[in-house]
Amino acid sequence: MRRHQALMPLSDDHHQALVQARQLSLAGTAEASLSPTETAAAFLRFWTEAGEEHFRLEEEVLLPAYQRHIRSLAESGPHPICALPTPVMQVLVEHVYIRGLAAELADSFPDRTSLDLLHALGSALHDHIRLEERAVFPLIEQSLPEAVLAGLAGRLKSPSYLARRSESKPKDAGTLMPGISHERTYVVEPQHTAVAVHSGGITGLSTPTLLAWMESVAFELAEDRLPPGQSTVGVAVNLQHVAPTPVGAEVRVRATLTGIEGDGRRLNFSIEASDHMELIGKAEHQRFVIDRDRFDRRLARKSR
Ligand SMILES: [Fe+2]
Ligand SMILES: [Fe+2]
């Protein structure tokens with residue numbers, strides 16, 4: 001399911017956090033690309049720049065909006081805090097636990113940092129993101145009225161999210177020109193496998209998921225540079241999925257704008273995806289620039 005626009009900055013933070021969680025879980029093993037000390041240092045930097053603020057936004061903005069909605073529904077009966085569903089309560093408890101582990105890591109770094117602590121933090125962070133992405137965010141998206149969700153948009157962007165967005169833009173951001181590119185790292189999870197999406201019988205990354213990630217990176221590259229009122233839709237793709245990737249692996253996806261045709265309306269992208277060992281996929285992709293109002297009117301005509 002596609003994330004609501006208001007929650008996308010938090011989901012974007014989750015992508016970054018999943019990369020950290022994987023590094024923490026692999027610390028000290030043969031698969032680790034960083035030493036345990038480098039892993040701990042990378043996490044502490046991420047925690048200070050993004051994690052703490054992310055937790056604060058969830059605790060002070062997102063969950064209070066949900067709680068307020070629950071309260072508005074519960075005019076009688078037990079105290080409305082009792083109406084908070086278990087996964088929402090669990091988010092708060094896990095925040096306390098993860099904050100505790102992060103503080104322990106900061107205190108012990110670098111001389112007394114144990115692998116056990118790194119692994120505990122990695123697993124707690126991974127499970128926490130899964131809980132939010134699979135249970136809590138969908139619950140919030142389904143329960144909150146659109147007007148409330150729309151009111152949250154813009155209030156859930158941490159300074160580190162905004163910094164990442166501006167860093168990912170070249171100096172001439174605002175113009176679409178051949179040669180600009182954008183990159184994002186994903187982690188393969190069980191729901192991304194061919195078995196899970198019913199596109200095949202293997203338990204590695206599915207081609208539909210790889211395509212969705214590729215489209216998403218190309219979409220973001222264009223979206224940041226289009227004027228308000230315009231967006232893009234995917235119209236063509238030639239994808240080659242050339243190597244398998246297991247659950248738990250990171251996949252880096254990079255899209256480059258290679259050409260602009262048809263009065264600036266047709267955008268051609270070349271996209272490559274690699275895991276930690278090799279190139280796993282490449283695609284030629286075309287997107288069409290649309291005017292949102294006209295497009296929405298066309299959609300509405302078919303909805304009748
Ligand atoms: Fe959280
Ligand atoms: Fe979160």
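Extension gain Glu223-Val247, at 0.36 nm per residue separation less the Cα-Cα distance, in nm?
5.7 nm
Where does the charge balance sit around Arg252 when Lys and Arg score +1, Asp and Glu -1, over other residues with C-beta under 9 Å from its C-beta?
-2
Contour minus end-to-end for Arg134 and Glu52, with contour as 0.36 nm per residue of separation and end-to-end as the Cα-Cα distance?
So the chain would gain 27.4 nm between Arg134 and Glu52.
Is there a quick way to get the dipole size of the stretch 170-303? I mean about its Cα centre, with the Cβ of Lys and Arg at +1 and of Asp and Glu at -1; what is the value in debye to the nearest 20?
Dipole of the stretch 170-303, to the nearest 20 debye: 540 debye.
Quick one: in the stretch 5-152, what % of C-alpha pairs are over 21 Å apart?
47 percent
Suppose each label sits 7 Å from its Cα in the direction of the beta carbon; what would the Leu279-Ala153 distance come out to in nanometres?
Result: 3.8 nm between the two label points.
Set the Förster distance to 25 Å, then compute FRET efficiency between Leu92 and Ser35 from the Cβ-Cβ distance, nearest 0.05.
Efficiency at R0 = 25 Å is approximately 0.15.
About its Cα centre, what dipole magnitude does the chain give when the only charges are +1 on Lys and Arg Cβ and -1 on Asp and Glu Cβ, stated in debye to the nearest 20?
My answer is approximately 1280 debye.
Between Ser143, Val61, Ser25, whose Cα lies farthest towards the positive end of the dipole of the chain when Lys and Arg beta carbons carry +1 and Asp and Glu beta carbons carry -1, centred on the Cα centre?
Ser143
Do you know the relative contact order of the chain, to the nearest whole percent, from alpha carbon pairs under 8 angstrom that are 6+ apart?
Computed value for the chain: 17 percent relative contact order.
Which log10 I(q)/I(0) values does the stretch 170-303 give at q = 0.10, 0.14, 0.16 Å⁻¹ under the Debye formula, counting every alpha carbon as one identical point scatterer?
Once normalised to I(0) and log-transformed, intensities are -0.37, -0.68, -0.84.
Once every DSSP H run of n ≥ 4 in the chain is given -39500 (n - 2.57) and the sum is divided by its residues, what mean residue ellipticity at 222 nm do you get, rounded to the nearest 500 deg cm²/dmol?
-14500 deg cm²/dmol
Run the quick spin-label model on Asp291 and His119: label points 7 Å from Cα toward the beta carbon, then report their separation in nm to one decimal.
Taking the simple label geometry, Asp291 and His119 are separated by 6.0 nm.
Report the net charge of residues surrounding Ala243, where surrounding means a beta-carbon distance below 15 angstrom and charges are Lys +1, Arg +1, Asp -1, Glu -1.
-2
Run the simple label-point estimate for Arg112 and Ala42 please: 7 Å along Cα→C-beta, distance reported in nm.
2.6 nm
Using Stokes-Einstein with the Kirkwood hydrodynamic radius over Cα pairs, what translational diffusion coefficient do you get for the chain at 10 °C and a viscosity of 1.306 mPa s, in µm²/s rounded to a whole number?
Diffusion coefficient, whole number: 75 µm²/s.
Step through the residues of the stretch 101-109 one at a time and calculate ³J(HN,Hα) from phi using the Karplus curve (6.51 cos²θ - 1.76 cosθ + 1.60, θ = phi - 60°), rounding each to whole Hz and writing x for Gly and Pro.
Ordered by residue, 3J(HN,Hα) equals 5, 5, 5, 5, 5, 4, 5, 8, 6 Hz.
Divide, for the stretch 221-260, the radius of gyration over alpha carbons by 2.2 N^0.38 Å, where N is the residue count.
Cα Rg divided by the expected 2.2 N^0.38 Å: 1.63.
Projecting each Cα onto the charge dipole of the chain (Lys/Arg +1, Asp/Glu -1 at the beta carbon, about the Cα centre), which of Ser123, Ser35, His276 comes out farthest on the positive side?
Towards the positive end, the residue furthest out is His276.
Sum up the charges of everything whose Cβ sits under 11 Å from the Cβ of Met277, counting Lys and Arg as +1 and Asp and Glu as -1, but leave Met277 out.
Cβ neighbours under 11 Å give a net charge of -4.
Each reported figure results from applying straightforward, stated rules to the coordinates on display, with no laboratory input. Because the structure is a prediction, the values reported are computed rather than measured. Counting neighbours? That spans all protein chains shown, and the Cβs are built from the backbone with ideal geometry, glycine included.
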